[in-house]
Amino acid sequence: MIRVENLTKSFGPVVCLDQVSVTCEDGSVHALTGENGAGKSTLMKLIGGVIKPDSGKMFLDGDEVQFATPREALFGGISTVFQEFSLIENMSVAESIFLGHERVSGGLLRKSEMFEETERVLDHVGLGISPKRLISTLSVAEQQMVEIARGVSANAKVFIFDEPTAALGDEDVKKLKRLIRELQRAGKNIFYVSHRLEEIFDLCDTITVLKDGAHVTTKPAADLCVDTLVSLMVGREMGDWFPSGNPPQSDLSVQVRELRPASDAPEVSFDVRKGEILGLAGLEGQGQQEILRALAGVYPETTGSMVSWNDVTEVQHRLDAGVGSQVMKGVAFVPEDRKKEGLYLTLPIDQNIALGQHQKNGFLRFVRKTRDKVQALMGQMNVAASGPGQLVETLSGGNQQKVMLGRWFLSDAHVFLIEEPTRGVDIGAKAEIYQLLRDFVGGGRSVIVLSREMNEIIGLCDRILVVRAGEIVAEMDPETATEHSILRAAITGDPTQEMAA
Amino acid sequence: MKLPALGISTTSRKGGQNLSLLIVLIVAIGLSVSTQEFLSGENTHNLVVQITPLLLVALGQAVVVLTGGLDVSVGAVIGLSAVIITLPIDPNLALALVVASALVIGVVNGLAVGALGIHPIIATLSTSTIVTGIALTLRPTPGGDVPLWLDRLVGTDVFGLPVELFWSLAAIAIGLALLQRSRLGLQIHAIGGSQSNARLAGIKVLRTQVLAYVICSMFAAAAGLFLASRISDGDAIVGLPFTLMSITAVALGGVQFTGGLGSATGVLFGCLLLGFLSNGMNLLNVSPFLQSIVSGLLLLIAIAFTRRKTIGI
């Protein structure tokens, strides 16, 4: 039996997990579910030794335990099958299982012994591959099985599966379920993190729901149905800081037809009107980010057409011509990870902002001083900084995001593509950013945003498209949409009917 | 990391060594047919003498490349050890100083890359400049005498075979044992595959990196002793051409510069190929300037085959 008590973890000012207690009995498959960002993965990382809790205790079979690394956790009895795999591609299956605790004599590996042990474990988990195969030659499902075999080999008591079926085909999902049931019969404690409700009801006997880092409820699966579970997951406080604006005009701002971000992705077509903020909603990794990035020109394999209207001028876009071409044609892209993909942290504010303006210039054009313009813009956007010369890395998240937006305001873009507009931004700056976007579309331009926060999508946007498996499965009016209805559409692909358990 | 397109195996991480072997054989056959001297006893003896120091340096270089790094200080280390071993001091002390200096240089390189996060080329280029400066201070012009014990280990015959061959065999044996059989070798491959995941598996990444650079310096120091004995001189800059040559040989041997894929046998093939080509061009009277162009092109082609997944090292 594993029990965690009052686990708390914050990253900076954001509390990811607040005083959560959970118990998993022997021979139980315990589901952990909740919306995007509810704290499921954080909780599992704390148990798996990947990150350390700020406070709280953990008991394994009655003894208090603490793990500094995933390896300590593994040999302390906790095996995690990570969402992102922790295997190394150039290692063989046997080496992967023994990495970090190789069998050696005098510094030399006892290879045959490790191969035999690996064959035994692979046989146990029902994976018929050679222990000498390299990880890079295995399918995702096989890699997952190797991770499980590693746990079996270390004789782990607790098995954590973090969204294990996200990358698996139907056949492999069946295999995985069989294996989980086998572990269950062997009396292991199994945590199953997922937001695929049908799998949860199929596999798990107990369900814990998390919301905004807090524990909502733990109940036997038999006492819950899909609809009650969904209503337990949603219901975040709606802020009143969303600015209201004029309704969108009837003129089109962007027309997207037969867009495919990759050759094997489904086709999507949609329009955005002038003055409109369009939201792309869905569960994480369902293809909404690919759609947005395809429009930004990130993927060279993109096919499909995009036409936009800058005032009355019609602009034809080439989506396979790269981000630079899209910027020249007035499409600005604000990536989710502004620190890695957006800003130059070690440069001052004015240089970060001025980049947007210069990107339209020929490469031999002289760079004119833009400090005055930047200063004025910083005033308009209320950037809290000592001046245009302050380094961007010293700014708060909200001010960094304003600098990011400011870059494109100055570039005269008429279409903004924004991922997670307020990630890592405090509430006060959130409201200001929403207002900035409202003001921006007020001039006959448009914005497409993507956000994990359902209430942000509902509050900020004029229209919502729900994406599931790369397809647009529902179009919703935020006046009538609820977190519940969006989540339902995102999970089942069907916005109207009741879900079957 | 993608497996190399040629010679794919589902169980081998030896990089492109099979392709290298194929090219070595083609070049060897081509030279045997086009020249009369290539297979002569004198020329094969020359080949062994020429290839041995390169093999020593390249095996060390490969250890660092397998971790995902690069060591451009090997040429400087060769020069320094050649200078130290010919100093007019007690031969045992000189040998101890050679080993100690290689150790220090390796540790500094490893810490600069692993602990301070300096780009491997910049880190080792800096130590290279410093080390060459020290070597030139100790001995501004070539000179000095090689100790007697070392003199006997080069330029003689053992069992009717050139003694240099045994240097090569010993180096290959050490390289194979280290990379294919030892725990350290596995961990070197692992951090070349993914540093973060190796850390998750409990591998001490920094320690492994430092050890890799130390091993590389040790191999380079051995090459320095060999060269000092062969030319009977301590020459501070004798090793400098070996830096680029060792990188070329490693690339020709199919070792991936992203780290994690490659083998000691592949490095041997790379050294043979480079040695055969330069020997062959001499036999065919190709001008040394043209030879320089050819070796530069070879490096470019070999690197293109082992193209990095990401830009930078």
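Of all residues in the stretch B:107-125, none are open to solvent by 20 Å² or more (accessible area, probe 1.4 Å), of a type in the set (S, T, N, Q) and either in a helix (DSSP H, G or I) or modelled with pLDDT of 95 or more (or both). As a summary of the residue check, A:F75 satisfies the conditions (1) touching a Lys or Arg at 6+ places or on another chain (Cβ under 9 Å); (2) of a type outside the set (K, R); (3) assigned to a helix (DSSP H, G or I); (4) within 14 Å of chain B (Cβ to nearest Cβ) except for the one numbered (1). Where strands (runs of 3 or more DSSP E) sit wholly within the stretch A:182-282, those with at least 3 residues that are outside the structural domain of A:I472 (by TED's automatic domain parsing) and within 24 Å of the chain's Cα centre (by Cα) occupy A:189-193, A:206-211, A:214-220. Only one entry in A:G48, A:G37, A:G12, A:G27 is of a type in the set (G, A, S) and at pLDDT 90 or above, namely A:G27.
The condition of being out of contact with any Ser or Thr (no Cβ under 6 Å at 6 or more places or on another chain), at pLDDT below 85 and within 14 Å of chain B (Cβ to nearest Cβ) holds for only one of A:S130, A:S139, A:S112, that being A:S139. The single residue among A:E284, A:E276 that is within 18 Å of A:V467 (Cβ to Cβ) and in contact with a Ser or Thr (Cβ under 6 Å, 6 or more places away or on another chain) turns out to be A:E276. Of the residues making up the stretch A:93-109, just one is in a strand (DSSP E or B) and either within 31 Å of the chain's Cα centre (by Cα) or more than 8 Å from every other protein chain (Cβ to nearest Cβ) (or both), namely A:S105.
Right, A:S21: outside any loop (DSSP other than H, G, I, E, B) and either at pLDDT below 85 or within 18 Å of the chain's Cα centre (by Cα) (or both) or not? Please lay out each step first, then the result.
Values: outside any loop (DSSP other than H, G, I, E, B): yes; either at pLDDT below 85 or within 18 Å of the chain's Cα centre (by Cα) (or both): no.
Criteria not met by A:S21.
Of everything in the stretch A:455-501 that is at pLDDT 85 or above and small (G, A, S), the residue that is farthest from A:A166 (Cα to Cα) is A:G459.
Out of A:V65, A:V93, report the one residue that is of a type in the set (A, V, I, L, M, F, W, C) and in contact (Cβ under 8 Å) with a residue 24 or more places away in the chain. A:V93 is the lone residue from the list that is of a type in the set (A, V, I, L, M, F, W, C) and in contact (Cβ under 8 Å) with a residue 24 or more places away in the chain.
Which is open to solvent by 10 Å² or more (accessible area, probe 1.4 Å), touching a Leu at 6+ places or on another chain (Cβ under 8 Å) and among the aliphatic types (A, V, I, L, M), of B:V33, B:V72, B:V64, B:V49?
Just a single option satisfies the conditions, and that option is B:V72.
None of A:A73, A:A141 is of a type in the set (A, V, I, L, M), under 30 Å from B:T67 (Cα atoms) and under 24 Å from the mean Cα position of the chain (by Cα) except A:A141.
Working carefully through the options B:L54, B:L21, B:L59, find the one that is open to solvent by 30 Å² or more (accessible area, probe 1.4 Å) and more than 14 Å from every other protein chain (Cβ to nearest Cβ). I'd like the intermediate steps shown before the answer.
Values: B:L54 fails: open to solvent by 30 Å² or more (accessible area, probe 1.4 Å); B:L59 fails: open to solvent by 30 Å² or more (accessible area, probe 1.4 Å).
Going through B:L54, B:L21, B:L59 in turn, the sole match is B:L21.
Contact map, the stretch A:138-156: residues that are farther than 16 Å from B:L200 by Cβ paired with residues that are not aliphatic (A, V, I, L, M), Cβ distance under 6 Å, separation 6+ or inter-chain. Pairs shown: A:A141/A:D172; A:V152/A:H124. For the condition in the same structural domain as A:L355 (by TED's automatic domain parsing), at pLDDT 80 or above, over 25 Å from A:I458 (Cβ atoms) and surrounded by 22 or more Cβ atoms within 10 Å (Cβ to Cβ), A:V415 does not qualify. Filtering A:G62, A:G56 for residues that are assigned by TED's automatic domain parsing to the domain that holds A:N189, in contact with a Leu (Cβ under 6 Å, 6 or more places away or on another chain) and farther than 22 Å from B:G202 by Cβ leaves a single hit, A:G56.
Among the residues of the stretch A:167-180 satisfying the criterion of being surrounded by fewer than 16 Cβ atoms within 10 Å (Cβ to Cβ) and free of Cβ contacts under 8 Å to residues at least 40 places away in the same chain, which is nearest to the chain's Cα centre (by Cα)? Among them, the one singled out is A:A167. Just one residue in the set A:T42, A:T33, A:T69 is within 30 Å of A:G213 (Cβ to Cβ), facing another protein chain (nearest Cβ under 10 Å) and not acidic (D, E); that residue is A:T69. The one condition from (1) open to solvent by less than 10 Å² (accessible area, probe 1.4 Å); (2) not in a helix (DSSP H, G or I) that A:G406 does not meet is (2). Across the stretch A:142-161, what is the total count of residues that are more than 29 Å from B:L261 (Cα to Cα) and modelled with pLDDT of 85 or more? Looking only at that region, the number is 6. Of the residues examined, A:T228 is not one that is closer than 30 Å to A:H484 by Cβ and open to solvent by less than 10 Å² (accessible area, probe 1.4 Å).
Residue under question is A:P243, and the condition is that it be open to solvent by less than 30 Å² (accessible area, probe 1.4 Å), modelled with pLDDT under 90, in contact with a Phe, Trp or Tyr (Cβ under 6 Å, 6 or more places away or on another chain) and within 22 Å of A:E456 (Cβ to Cβ); does it hold? So A:P243 fits the description; yes.
Results for (1) closer than 22 Å to A:N455 by Cα; (2) β-branched (V, I, T), shown as yes or no for each residue.
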residue: A:V254; (1), (2): no, yes
residue: A:L259; (1), (2): no, no
residue: A:A262; (1), (2): no, no
residue: A:S269; (1), (2): no, no
residue: A:V272; (1), (2): yes, yes
residue: A:L278; (1), (2): yes, no
residue: A:L283; (1), (2): yes, no
residue: A:Q286; (1), (2): yes, no
residue: A:R293; (1), (2): no, no
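Is it the case that some residue within the stretch B:168-179 is free of Cβ contacts under 8 Å to residues at least 24 places away in the same chain, facing chain A (nearest Cβ under 8 Å) and under 20 Å from the mean Cα position of the chain (by Cα)?
Of all residues in the stretch B:168-179, those free of Cβ contacts under 8 Å to residues at least 24 places away in the same chain come to B:169-170, B:173, B:177.
This time we only want the ones that are facing chain A (nearest Cβ under 8 Å), so: B:177.
Now narrow it down to the ones that are under 20 Å from the mean Cα position of the chain (by Cα): B:177.
Yes, there is a match, as at least one residue in the stretch B:168-179 is free of Cβ contacts under 8 Å to residues at least 24 places away in the same chain, facing chain A (nearest Cβ under 8 Å) and under 20 Å from the mean Cα position of the chain (by Cα).
Every test in (1) out of contact with any Gly (no Cβ under 9 Å at 6 or more places or on another chain); (2) open to solvent by 10 Å² or more (accessible area, probe 1.4 Å) is passed by A:G330 save one, and that test is (2). Against the numbered list (1) open to solvent by 40 Å² or more (accessible area, probe 1.4 Å); (2) of a type in the set (D, E, K, R); (3) under 25 Å from A:M58 (Cβ atoms), A:E163 comes up short only at (1). Taking the criterion of being in a loop (DSSP other than H, G, I, E, B) and either surrounded by 24 or more Cβ atoms within 10 Å (Cβ to Cβ) or without any contact (Cβ under 8 Å) to a residue 24 or more places away in the chain (or both), the only residue of the stretch B:209-237 that qualifies is B:A236.
Checking each residue of the stretch B:181-200 against the condition of being more than 18 Å from the chain's Cα centre (by Cα) and more than 14 Å from every other protein chain (Cβ to nearest Cβ) gives no match.
The values are calculated or read from the model by the stated rules, or taken from the named source; none is laboratory data. Fair warning: this is a prediction, and the values are worked out from it, not measured in the lab. With ideal geometry, Cβ positions are generated from the backbone for all residues, glycine too; neighbour counts draw on all protein chains shown. What goes into the accessible areas is simple: the full protein's heavy atoms, side chains included, and nothing from ligands, DNA or RNA. Shrake-Rupley method; radii C 1.70, N 1.55, O 1.52, S 1.80 Å.
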